[in-house]
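Remarks on the structure that follows.
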Amino acid sequence: MKIEIKNEEVRSEIIQRIEEISGENIYKCYQCGKCSAGCPSADEMDLLPNQVIRNLQIGKVDAVLNSRSIWVCATCYMCWIRCPRGVNLTSLFEACRLMTLRQNLDQVGLKEAIKESEEMDIPQIAIISLLRKLTS
Amino acid sequence: MEVSYFPGCTLKQTARNFEISAISSCKLLGLDLTELSRWNCCGTVYSLSTDDSMHHLAPIRNLIRVQEDGFKEVVTLCSMCYNTLKQANELMKKEPDRLKKMNDFMYREEDYIPDVEVYHLVTYIKERLGYEKVRELVKQPLTGLKVAVYYGCLLLRPDSIKLDDRENPMIMEDLLTALGAEIIDYPFSNECCGSYHTLGQKEIVLNRTNKLITEARRDGADVLVLSCPECDFNLDHRQKDTLEKYPNFQTMPVLYFTQLLNIALGGNLEDCGFELNYIDPLPVLREKGIIK
């Protein structure tokens, strides 16, 4: 697949904002792929964790923000602890989610979230963590 | 020995079996879990963004409660509470500016001085009593019970809060060995259960439950043991839906480590709260002669 890297997209304002919110430098990553190898959610992702950071490095932020991957990640921290460069990919994923959530674009509604609670004893921590991660 | 204890919401609701079995077994170990006189939700997930202090208020407010009650240590059971309280506490120790901001915001509270230590019960037992002492107190050894230990994510990661080696943890295995159980080598002990996706994206959790329980079966485990009400819901209660999705799926009882601890120490069966476990663990425990 041919990808055109555009000067104005690389290090764009939004990517710098993602770096700032996550406190992470995306250029530390040298694409070894250990994050994707260890990620328990990789099967469910459209962009693998190493592809998420690669897209950020080359300025393709829309591909990341429109991906399913950032919403599938459940913050298990495996990518971060196994990264030989110590890249906190977990926080980068969180920052990517926040770029959408902070525009008041919730990914789930309260009613929808607790619908099943009426039938099953859903643990409180499941409801609260879902709302904390997928709403603003 | 009086120990300050933070229960969290879920232990008062769907995971009452975790709390009652912990309180009972701690009593038998000579530890008196004293619930904080006031507490609130821990926040459940630790906020990972550098510009967000608001979401650290809940955990820090709880640590102020520990201080108010005159304790320097607090013990938790739930993995999510443990992770959130401990990570927020570590942040306060590391970033005095952030701590000042939080204290200024909560100006009606006494200032938080970050010298409270957050413990998970299993670490507390290991460090304060030692497993040798636990072994001496065992009345009903778990002989013949093959156990796979499942830590999940939040007891081992990130590094600042880990209970033990994050890739090859043994702290829970060592406790269960002291209780007489046989430990099964279980490669998925530090994998994620799918967490909150159990609401909304249930399929993710069903695939995970199928994989994690099937592997434990293949490795020869009789039961899976854990310490998180979220993992417990996904790996125990979600076995119902997993069986619907995967007709060949074989179910397995999932227990809180405190439930086995309580049995081994000779505690009452009622204090295990087994009626809240979805897959009934009683048949396998009877078969092994551990309970009557």
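Bear in mind that the values in this text are calculations on the coordinates, not laboratory data. Bear in mind the structure is a predicted one, so any value in this text is a computation, not a measurement. Every residue, glycine among them, receives a Cβ derived from its backbone with ideal geometry; neighbour counts consider all protein chains shown.
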| said: Give me a comma-separated list of calculated 3J(HN,Hα) values for segment A:30-41, in order, Karplus coefficients 6.51, -1.76, 1.60 applied at θ = phi - 60°, integers in Hz, x for any Gly or Pro. | reply: 10, 6, 7, x, 5, 4, 6, 5, x, 5, x, 9
| query | Which angle from 0 to 90°, rounded to the nearest 10, does the C-alpha axis of helix B:57-68 make with the longest principal axis of chain B? | reply | 80
| request: Excluding A:GLU20 itself, calculate the net charge of residues whose Cβ lies under 14 Å from the Cβ of A:GLU20, where each Lys or Arg counts +1 and each Asp or Glu counts -1. | output: -3
| Within chain B: Cβ-based charge dipole about Cα centre, in debye rounded to nearest 20 (Lys, Arg +1; Asp, Glu -1) | 440
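Could you give the dipole magnitude of segment A:13-105 about its Cα centre, charging the beta-carbon of Lys and Arg +1 and that of Asp and Glu -1, in debye to the nearest 20?
Value, rounded to 20: 200 debye.
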| query | B:LYS211: which lysines have alpha carbons under 19 Å from its alpha carbon, excluding same-chain residues fewer than 8 sequence positions away? | reply | B:LYS146, B:LYS202, B:LYS240, B:LYS245
| Put +1 on the Cβ of each Lys and Arg and -1 on the Cβ of each Asp and Glu in the protein assembly as shown; which of B:ILE60, B:PRO229, A:SER129 then has its Cα farthest toward the positive end of the dipole? | A:SER129
| task | Return P(r) of segment A:13-105 (all Cα-Cα pairs; 10 Å bins starting at 0; whole %; ordered from short to long distances). | result | 18, 58, 23, 1
| request: Work out from phi, with θ = phi - 60° and the Karplus expression 6.51 cos²θ - 1.76 cosθ + 1.60, the ³J(HN,Hα) of each residue of segment B:108-122, listed in order in whole Hz, and give x for Gly and Pro. | output: 7, 8, 5, 5, 7, 9, x, 10, 7, 9, 9, 10, 8, 3, 5
| Which shape class, rounded, prolate or oblate, goes with segment B:136-287 when its Cα gyration tensor gives a ≥ b ≥ c as root eigenvalues, a/c under 1.5 marks rounded, and past that a/b bigger than b/c marks prolate? | oblate
| query | So what is the calculated 222 nm ellipticity per residue for chain B, using -39500 (n - 2.57) for each DSSP H run with n of 4 or more, over all residues, to the nearest 500 deg cm²/dmol? | reply | -11000 deg cm²/dmol
| Other-chain or far-sequence residues with amide H under 5 Å of B:HIS120's (modelled H) | B:THR76
| note | For chain B the mean separation of alpha carbon contacts under 8 Å (6+ apart) over residue count, i.e. relative contact order in percent, is 20
